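Have a look at the structure below, then the notes.
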Amino acid sequence: MINVLHKAGDMIGNRYRIVSEIGQGGMQEVYAASDELLGRTVALKVPKSNSAEKRFKRSAVLSGRVNHANVAKTLDYLEENARYYLIEELVLGCDLAGLLANYIPSLDPYAVARALHHLAKGVAASHHVNVVHRDLKPSNVMVVGGAEVDAFKITDFGIAIMAEKEIGDAVEGGSAGLTASQTALGALPYMAPEMIEDLRSAGKPSDIWSLGAMTLELMTGSRPFGQGYKAVPAIMEARLPAFPASVGTSPQFASLARELYSLVEKCMKKDPAERLTADELVFACEQLCYTNSPREFGTVKSLNYNKH
């Protein structure tokens, strides 16, 4: 059984009452909490290690600068009994990694285009205030509505800053370090070549690479360079897999699928200076033609179809 720092009913800062645990990551525990002052439910995050706690306040200040509909909003930060807490907007749904693992392994090009558009807007908002995420991956993207895929929100800008040391040490330590670090293993498939060379100096273009890698995974159901440290050589050479023919077989999706792949290529240039900027990517997504129709999971009991 996994030990947790808090249980239902615990009061934090004389304001936030723990309702339930939502989940755990390599760096943090996440709880749903009732904001007793404003009468709302929020996400309460607490670091799991002392090394993470030292960076938590800086992380909270950094993430609090980003204000956009496609970014989970940082609401508060507090310290109590030698613990540090980040209060964030509670997003009802699941993370993108959970969606791919539990509901559907890949999305159709319409849904992929919407995902890329939403995420590009969130990243652009962060870059406008000089905040670089550096740990964009499916587990750090919340899918509003879960399987119904209503919208996408980037989360854990602050936690990404805390993860830098662990990821950086693992990358610098080579294959043994990567194998030992779950945080690094989770981040590696989405890391740009310059991040592997020097994570701490990677800038805004590294976030664009990560968006491209996630987009390709959403289209195909597979990470573009594989998993673990064996992906490093392909990442360093920026060898993109060929256009996935399987997503272009339907006339309904073929044109959009090729447009999306073209954007992926522009996001994943080996030279960071040659990649699209976040604003350029947002503009390119605005030119795509995709539907915003709601999506539902269920069983079709009858279907009237007339091919004429």
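The values are calculated or read from the model by the stated rules, or taken from the named source; none is laboratory data. Keep in mind that what you see is a predicted model, and the values were worked out from it rather than measured. Using ideal geometry, Cβ is built from the backbone for each residue, glycine included, and neighbour counts are taken over all protein chains shown. Protein only, heavy atoms only, side chains kept; ligands, DNA and RNA dropped before computing areas. Shrake-Rupley method; radii C 1.70, N 1.55, O 1.52, S 1.80 Å.
For ARG40, state whether it is modelled with pLDDT of 95 or more and of a type in the set (Lys, Arg). Give the derivation first.
On the way: modelled with pLDDT of 95 or more: yes; of a type in the set (Lys, Arg): yes.
Judged against the criteria, ARG40 is a match.
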- Item | Hits in the stretch 220-250 (condition: assigned to a loop (DSSP other than H, G, I, E, B), in contact with a Pro (Cβ under 9 Å, 6 or more places away or on another chain) and open to solvent by 40 Å² or more (accessible area, probe 1.4 Å)) | SER222, ARG223, GLN227, ARG239, LEU240, PRO241
- Does THR220 qualify as being within 18 Å of LEU96 (Cα to Cα), out of contact with any strand residue (DSSP E or B) (no Cβ under 9 Å at 6 or more places or on another chain), hydroxyl-bearing (Ser, Thr, Tyr) and at pLDDT below 95? yes
- Message: Residue pairs, Cβ under 6 Å, 6 or more apart or interchain, first in the stretch 61-75 and under 9 Å from ILE154 (Cβ atoms), second part of a loop (DSSP other than H, G, I, E, B). List them.
- Response: VAL66/VAL131; ALA72/VAL91; ALA72/THR155
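Filter the stretch 6-37 down to the residues that are hydrophobic (A, V, I, L, M, F, W, C) and open to solvent by 60 Å² or more (accessible area, probe 1.4 Å), then identify the one that is modelled with the lowest pLDDT.
As a first pass, look at the stretch 6-37 and keep what is hydrophobic (A, V, I, L, M, F, W, C): 8, 11-12, 18-19, 22, 27, 30, 32-33, 37.
Applying the additional criterion that residues be open to solvent by 60 Å² or more (accessible area, probe 1.4 Å) yields 8, 11, 19, 22, 37.
Working: ALA8: 95, MET11: 97, VAL19: 97, ILE22: 92, LEU37: 97.
Across the stretch 6-37, the extreme among qualifying residues is ILE22.
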- Per-region count, the stretch 145-156, residues at pLDDT below 95 and open to solvent by 10 Å² or more (accessible area, probe 1.4 Å): 6
- Message: Whether any residue in the stretch 203-211 is closer than 19 Å to ALA151 by Cα and open to solvent by 80 Å² or more (accessible area, probe 1.4 Å) is what I want to check.
- Response: no
- Show the residue pairs that are 6+ apart or on different chains and have beta-carbon atoms under 9 Å apart, the first residue being within the stretch 244-269 and closer than 13 Å to TYR290 by Cα and touching a residue at least 40 places away in the same chain (Cβ under 8 Å), the second being hydroxyl-bearing (Ser, Thr, Tyr) and in a helix (DSSP H, G or I). PHE253/TYR110; LEU256/TYR110; LEU260/THR215
- Mind checking which pairs have a first residue in the stretch 4-26 that is of a type outside the set (A, V, I, L, M) and a second that is open to solvent by 70 Å² or more (accessible area, probe 1.4 Å) and part of a strand (DSSP E or B), Cβ under 8 Å, 6 or more apart or different chains? HIS6/GLU21; GLY9/ARG17; ASP10/ARG17
